[in-house]
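Working notes, structure below.
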Amino acid sequence: MEQAASPGGENLVLIAGAGRLPELVADSLVRAGKPFRMIALRGFTGRPLRGRADAVVDLLDLAATLAHLKSWGPAVVVPAGSVARPSAAAIFNAGAAWRNREALREIAGGGDDRLLRAAVSLVEENGHRVLGVHEAAPDLLCPEGPLGLVKADSEAMASIRTGQAVLSALAQFDVGQAVAVAGDRVLAVEGPEGTDKMLARARALGRKPFGRGRPNAGTVLVKAPKHGQDLRIDLPAVGPRTIRNAHAAGCTGLALKAGGTLIIDRVATAAEADRLGLFVIGFGGGA
């Protein structure tokens, strides 16, 4: 790829993990005319995108990643994609783990969040800057206003206000980024399990035994970043799967923080919402 240079003379480097997000970010950078280099993570980055990468490294080979960044000069690094479920290829290189044993010892015992925070700190300690997807590819974020053809009714708007108030009240605590509400009733708050499993709990609470009965009227999924959250490594995201899970949970729609929630494939997400009769709306201000 063409070498990238920011106004500050730094090179733009995309570090690509698993999922659709790295591809979407790469395409966004191309559309914006921003040249960049790419480092793919073996065992995570999909084959087509890996073929576009300037370098392929093992997840555990921190030294190799830093060596590439050093050889390219000061860099603005954009991490994108998941590293939560390593394949055999991602953990096969024992030599990489041995070379990086000191750095890995510092972050051992933590979850994915701790791993990513430690990696960000290590990159910054070596003279590079780290940007989030929301800064490098803002066109991938939820815009303010309706996304699809379905509109939120008065019951849904009341639920959205409740959801925003709940997320604001919980901002000082380390809890999830989403809540399922129906009117003034809170059905479920997202915890470490993530949005999909939270929606499964909301579905169970909103239905009678054996799946009979109707879900609570005006049920809405409200999603927004936590106050003070480092969006570079933990940006709230939704996609077509979220739409399907919300529909299964009895939601009439989704309310997302505009400019603070990533939409994985906006066209497909809007189409799925329209197909299932759910609204998707981006809200500003507040939570």
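A short reminder: the numbers here are calculations on the coordinates, not readings from a lab. Note that this is a predicted model, so its numbers are computed, not measured. Cβ coordinates were reconstructed from backbone atoms using ideal geometry, including for glycine residues, and neighbour counts include every protein chain displayed.
Here the spin labels are modelled as points 7 Å beyond Cα on the Cα-Cβ line, and at Ala268 and Ala63 they lie 3.9 nm apart. Extension gain for Arg47 to Ser154 (0.36 nm times residue separation, less C-alpha to C-alpha distance): 33.9 nm.
Taking 0.36 nm per residue of sequence separation and removing the Cα-Cα distance, the Ser168/Arg241 pair yields an extension gain of 23.7 nm.
Within a straight-line Cα-Cα reach of under 12 Å, Lys257 can be paired with the following aspartates and glutamates, leaving aside sequence neighbours fewer than 8 residues apart in one chain: Glu144. Taking amide hydrogens as placed 1.01 Å from N in the peptide plane, the amide H of Met38 sits under 5 Å from those of Leu14, Asp54, Ala55, each at least 5 positions away in sequence or on another chain. Legend: residue pairs Lys70/Lys226; Lys34/Lys151; Lys151/Lys197, Cα-Cα distance threshold 30 Å; pairs beyond threshold, Lys70/Lys226; Lys34/Lys151.
Straightening the chain between Ser71 and Asp139 buys 21.5 nm, computed as 0.36 nm per residue apart minus the Cα-Cα spacing.
Arranged from fewest to most other beta-carbon atoms within 10 Å of their beta carbon, His247, His68 become His68, His247.
Residues Val179, Val166, arranged from fewest to most other Cβ atoms within 10 angstrom of their Cβ, appear as Val166, Val179.
Going from the fewest other Cβ atoms within 10 Å to the most, the residues Leu49, Leu62 appear in the order Leu49, Leu62.
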